[in-house]
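**Q** This is the structure I have questions about; it appears just below.
Nothing in this text is a laboratory measurement; each read-out follows from the coordinates by a stated rule. Since we're looking at a predicted model, the values are computed, not measured. Methodologically, a virtual Cβ is constructed for each residue, glycine included, from the backbone with ideal geometry; neighbour enumeration extends over all protein chains shown.
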Amino acid sequence: MTQKPPIKMADLAKLAGVSKSTVSRALADSPLIPQETKQKIAALAKEHNYRLNKRARNFRTKETLTIAVLIPDTREKDWRLSDPFFLELLGSIADTLNDQNHELLLAKSSVSAEEWARDHIERGTCDGVILVGQGTQHEEINKLAEGSTPFVVWGGLLDGQHYCTVGSDNRLGGKKASSHLIERGRRYIAFLGDRRLPEVALRYAGYQDALAAAGLDVDASLEVVTPFGGEAAYRAVADFLDSGQAVDGIFACSDVIAMATIRALRERGLSIPEDVAIVGYDDIALSSYYSPPLTTVRQDCQRGGQELVSRLLEIIQGGKPAPLMLDTEIVERAST
């Protein structure tokens, strides 16, 4: 059953036949308001899914808000919260919340987004939610948008999306990465990633765009379903290289995957970039210190964290901010 959309305090006051100040005092359990009136207003608030009173009051009185940052469980056995990209994005979110005197609650859960985000709100542990990654739960997140839970998502911009996202322009980023390899004379370019994930699917679309623009065919044998976990990525790439498939360029959908690929290539006596050129994605801090330093697509984690917090606070105050796609850029290093 679909939840009723939340109403404003003025609407609740009209339904109760009282002033907005009376509603505010009643919901704050003020001794100035008769118990019968409190009960009536509380019943109406529950019936009409009124949930903004506490958060709106927090903004007016400048009380601290608690924001939950929830990381979806990818169910990959060797995936950890220590993934450098997630840590860098989380750092920006934490710094932005700290600058605004709000608190951060970090959680990782394996249940559906609809359940775990709403659960945090209904238990009163937080005032809003930042989901880091859509995982495979786009439809569940869309359902969550039908209710009153204030949340934003780091992720891709998808068709039929009813929630606010902040993320990089993944399709353009994928095209830039692939075009960079093509411009360096590479013609057998492998794509490493898992297209079940929305951001990866968009990067693959960019990969296809670049190949089409260069008059190259998309070869299914050059697509390698690769998890984001380092060891799992290494095993997937090692199996691909051992298959004997010709490859002279690789677009890896994360820097962690790219680094695992470099290890697999070296173990097989291949040189980088002479035999195989590699482009990663994210531009994590380690990418410039790796051997060889990694050419990659930079995502602006600093701004990303700031925009996630800004948009969530706007939603908490009743606003409806638009999704934001951040620009991407190729950072050229020795791996190409």
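**Q** Which is the longest stretch in the chain that no exposed loop site breaks, taking sites as GluC sites (Glu not before Pro) with a DSSP loop state and at most 15 other Cβ atoms within 10 Å?
**A** Values: sites that count: Glu63, Glu76, Glu146, Glu274, Glu332.
With a cap of 15 other Cβ atoms within 10 Å, the longest stretch comes to 147-273.
**Q** Another question, if that's okay. In what sequence, highest mean first, do 212-219, 160-167, 39-46 appear when ranked by Cβ atoms within 10 angstrom? Show your work: numbers first, answer last.
**A** On the way: 212-219: 12.0, 160-167: 18.9, 39-46: 15.6.
Highest-to-lowest ranking by the protection proxy: 160-167, 39-46, 212-219.
**Q** Right, here's the next one. Once both axes come from the Cα atoms, what is the angle between helix 255-267 and the longest principal axis of the chain, in degrees from 0 to 90, rounded to 10?
**A** 20
**Q** For the chain, what is the relative contact order in percent, using Cα pairs closer than 8 Å and at least 6 residues apart in sequence? Before the final figure, lay out each step's value.
**A** Working: 622 pairs, mean separation 59.1, N = 336.
This gives 18 percent for the chain.
**Q** Let me ask another. Whole Å is fine, so just give me how far the alpha carbon centre of the stretch 287-336 lies from that of the stretch 192-249.
**A** 22
**Q** Run down the aspartates and glutamates and flag those whose C-alpha is under 16 Å from the C-alpha of Lys108, throwing out any fewer than 8 positions away in its chain.
**A** Within the straight-line limit of under 16 Å, Lys108 reaches these aspartates and glutamates: Asp73, Glu76, Asp78, Asp83, Asp119.
**Q** Still on this model: Lys8: which aspartates and glutamates have alpha carbons under 17 Å from its alpha carbon, excluding same-chain residues fewer than 8 sequence positions away?
**A** Lys8 reaches Glu47, Asp127, Glu146, Glu314.
**Q** What dipole magnitude, in Debye to the nearest 20, does the chain give about its Cα centre under +1 on Lys/Arg Cβ and -1 on Asp/Glu Cβ? Could the numbers behind the result be given before it?
**A** Working: 39 positive and 46 negative charges, 319 e Å.
Here the size comes out at about 1540 debye.
**Q** Let me ask something additional. Can you figure out the FRET efficiency of Thr125 with Gln100, using R₀ = 25 Å and their beta-carbon distance, to the nearest 0.05? Let's see the in-between values first.
**A** Numbers: r = 19 Å, r/R0 = 0.75.
The formula returns an efficiency of 0.85 here.
**Q** Could I get the Rg over Rh figure for the stretch 224-333? Both from C-alpha atoms, Rh via Kirkwood, rounded to two places. Mind showing how you got there, number by number?
**A** Numbers: Rg = 17.5 Å, Rh = 15.6 Å.
Result for the stretch 224-333 is an Rg/Rh of 1.12.
**Q** Computed from the coordinates I sent, Rg and Dmax of the Cα atoms in Å equals one of (i) 23.7, 81; (ii) 21.9, 87; (iii) 19.4, 63. Tell me the label.
**A** The value matching this structure is (i).
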